[in-house]
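Engineer: The structure under discussion is supplied below as C-alpha cells; questions concerning it will follow.
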Amino acid sequence: MNESATKPVATSDTHFAAVAASSCRIDPRRVHSLLGTLSSRFTLVALAECVSTNSVLLERAGQGAASGSVLVADRQTAGRGRRGRSWLSTPEASLTFSLLWRFEGSVARLAGLSLAVGLAVARGLANSGVGGVGLKWPNDILLAGGKVGGILVDLEAAADHSLAVIGIGLNLQLPPDGDEEFLHRPAALAQVMARLPDRQQLLAQLLTDLAEIMDRFADGGFAALRRDWQAYHVWQGRPVRLLDGVLVDRQGLCMGADSDGALLLQTDAGLERCLSGDVSLRAV
Ligand code: ATP
C-alpha cells in the first residue's frame with residue numbers, strides 16, 4: 001500500500017483547516033461527519049466564490065497542502081475545462097470541487113488517472129441513486145445522452161513524489177440557456193431523479209468512492225481499474241472519429257481503453273492506440 005498516496009500528510013498551511021464559509025451551500029463539518037471513518041483522510045474548505053477550484057488548490061498544493069485537501073466552491077469566476085475550455089456552473093445548479101492527491105513516484109506513473117477519476121465519479125453517482133451513468137473516453141460523465149459532468153486533472157511533479165489536482169463539476173440542474181455553445185448537449189441529475197440528493201451527501205459519497213479508487217490506482221495503476229471502467233464505457237464498438245483540434249485525425253471503432261488508459265481504435269490498419277489527452281472523440 002502506498003501510504004503517502006492514501007493518507008493526508010502534515011501541512012504548515014494553517015488556512016487549510018476545516019472551515020465553513022457561512023455563505024457557501026456546503027458545510028465542511030457536515031461533510032466530515034458524513035465521511036465517517038474516512039473523515040481523517042480529507043480536509044475540506046468551502047468558499048462562496050473563487051476563480052477556479054483547480055487553480056486555487058494547485059497554488060495551495062505548492063504551499064504544502066496535504067493529500068486529501070478538498071476545495072469546494074459555489075461559484076467559479078473562471079472554471080476551467082481541458083485545453084483552455086471553460087466549465088460553467090452556478091451555485092443553484094452545480095456541485096464543483098477539487099481534490100488534491102499525492103502519489104509516490106513520477107508523473108509518468110499517473111497515466112490513465114483521469115479515466116480512474118471518471119470511474120470514481122460514475123460509482124459515486126450510482127451509489128447516490130443516479131441510474132444510467134456512463135463514461136466516454138477520456139473522462140466525460142454522461143447521463144441521459146448528454147454530458148452531466150466534467151473532469152479536469154492537473155498533474156505536477158513535486159520534489160520526491162507527484163501530485164494531482166482533480167477538478168470535478170457536476171450539473172444538478174441543467175445550465176441556463178445562454179450564449180454559450182456547448183460541445184455536447186448538457187445533462188443534469190434532475191433529468192433522471194424525482195428528488196435530488198443533498199449536495200453534502202453527494203460530495204461525501206463522491207469523496208468516499210474517490211478514496212477507494214485512488215488507493216487502487218496508487219497500488220496497481222489504471223490496469224487494476226480497466227475492467228470496471230469498461231463496464232461504464234458507453235461508446236464501446238461505436239464508430240468514432242478522433243479530432244485533433246478541428247482536424248479529423250483518425251476514424252474507426254472505439255474499443256475502449258488499454259491498460260495505461262490509451263484509447264483503442266479499430267481502424268483499417270488494425271488496432272491503434274491513442275494516449276494523447278489533446279484529442280477529442282466524436283461519434284460518426
Ligand atoms: P471533449 O473531450 O469531448 O472534446 P472536453 O473534455 O475537451 O470535451 P471538457 O474540458 O471536459 O471538454 O469540458 C469543457 C467543455 O464542456 C466546454 O467547452 C463546454 O462546451 C462544455 N461545458 C461547459 N460547462 C458545462 C456544463 N455545465 N455542462 C455541460 N457541458 C459544459
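Where a number appears in this text, it was derived from the coordinates with a stated rule and is not lab data. Computed from a prediction, not measured in an experiment: that's the story for all the values here. FYI the Cβ positions are ideal-geometry reconstructions off the backbone, even for glycines, and counts take in every protein chain you see.
Engineer: Take S280, S94, S40 and order them by how many other Cβ atoms sit within 10 Å, fewest up front. Provide the component values of the computation, followed by the final result.
Structural biologist: Numbers: S280 20, S94 24, S40 11.
In order of increasing Cβ crowding within 10 Å: S40, S280, S94.
Engineer: What's the percent breakdown of Cα-Cα distances in the range 79-154 across 10 Å bins, shortest bin first?
Structural biologist: So the P(r) values, bin by bin, are 16, 48, 30, 6.
Engineer: While we're looking at this one, here's another question. Contour minus end-to-end for T77 and H184, with contour as 0.36 nm per residue of separation and end-to-end as the Cα-Cα distance?
Structural biologist: On the way: separation 107, 0.36 × 107 = 38.52 nm, distance 2.15 nm.
36.4 nm is the gain from fully extending T77 to H184.
Engineer: Can you pull the one-decimal nm distance between simple spin-label points at A159 and Q63, each 7 Å off the Cα toward Cβ?
Structural biologist: Distance between the two pseudo-spin positions: 1.8 nm.
Engineer: Right, something else. How large is the charge dipole for the range 239-283, taken about the Cα centre, if only the Cβ atoms of Lys, Arg (+1) and Asp, Glu (-1) carry charge, to the nearest 20 debye? Please report the intermediate quantities before stating the final value.
Structural biologist: Details: 4 positive and 7 negative charges, 34 e Å.
My answer is approximately 160 debye.
Engineer: Let me ask something else about it. Per residue and in cubic angstrom, what volume does the convex hull of the Cα atoms of the chain have?
Structural biologist: Spelled out: Cα convex hull of the chain, divided by residues, is 125 Å³.
Engineer: Something else: Compute the long axis of helix 199-220 from its Cα atoms, compare it with the longest principal axis of the Cα atoms of the chain, and write down the angle in degrees, 0 to 90, nearest 10.
Structural biologist: Between helix and principal axis, roughly 60 degrees.
Engineer: While we're looking at this one, here's another question. Taking only Cα atoms and a 10 Å spring cutoff, compute GNM fluctuations for the chain and point out the largest among R226, R41, R30.
Structural biologist: Sorting by GNM fluctuation, first place goes to R30.
Engineer: Please order V45, V284, V240 by the number of other Cβ within 10 Å, starting at the fewest. Write out the running numbers ahead of the final one.
Structural biologist: Working: V45 26, V284 11, V240 22.
Taking fewest neighbouring Cβ atoms as first place, the list is V284, V240, V45.
Engineer: How far is helix 53-62 tilted, in degrees, relative to the longest principal axis of the Cα atoms in the chain, given as a value from 0 to 90 rounded to the nearest 10?
Structural biologist: It works out to around 70 degrees.
Engineer: In sequence order, what are the phi-derived ³J(HN,Hα) couplings for the range 128-138 according to the Karplus relation 6.51 cos²θ - 1.76 cosθ + 1.60 with θ = phi - 60°, rounded to whole Hz, with x for glycine and proline?
Structural biologist: 3J(HN,Hα) across the range 128-138, in whole Hz: 9, x, 8, x, x, 6, x, 10, 10, 4, x.
Engineer: What angle do you read, to the nearest 10 degrees and between 0 and 90, between the alpha-carbon axis of helix 113-127 and the longest principal axis of the chain?
Structural biologist: Its long axis makes an angle of about 70 degrees.
Engineer: Separate question: Antiparallel DSSP bridges in the chain: what percent, to the nearest 5?
Structural biologist: On the way: 50 of 60 bridges.
Percentage antiparallel, nearest 5: 85.
Engineer: For a test of the definition: using alpha carbon positions, the gyration tensor, and the 1.5 limit on a/c, classify the range 239-283 as rounded, prolate or oblate.
Structural biologist: Values: a/c = 1.83, a/b = 1.17, b/c = 1.56.
It comes out oblate by the Cα gyration axes.
Engineer: How do R195, R282 rank when sorted from fewest to most other Cβ atoms within 10 Å of their own Cβ? Each step should come with its number before you reach the end.
Structural biologist: On the way: R195 7, R282 14.
The order, fewest Cβ neighbours first, is R195, R282.
Engineer: On to the next question. With +1 assigned to the C-beta of every Lys and Arg and -1 to the C-beta of every Asp and Glu, and no other charges, what is the dipole magnitude of the range 150-273 about the Cα centre in debye, to the nearest 20?
Structural biologist: Numbers: 10 positive and 19 negative charges, 111 e Å.
That gives the range 150-273 a dipole magnitude of about 540 debye.
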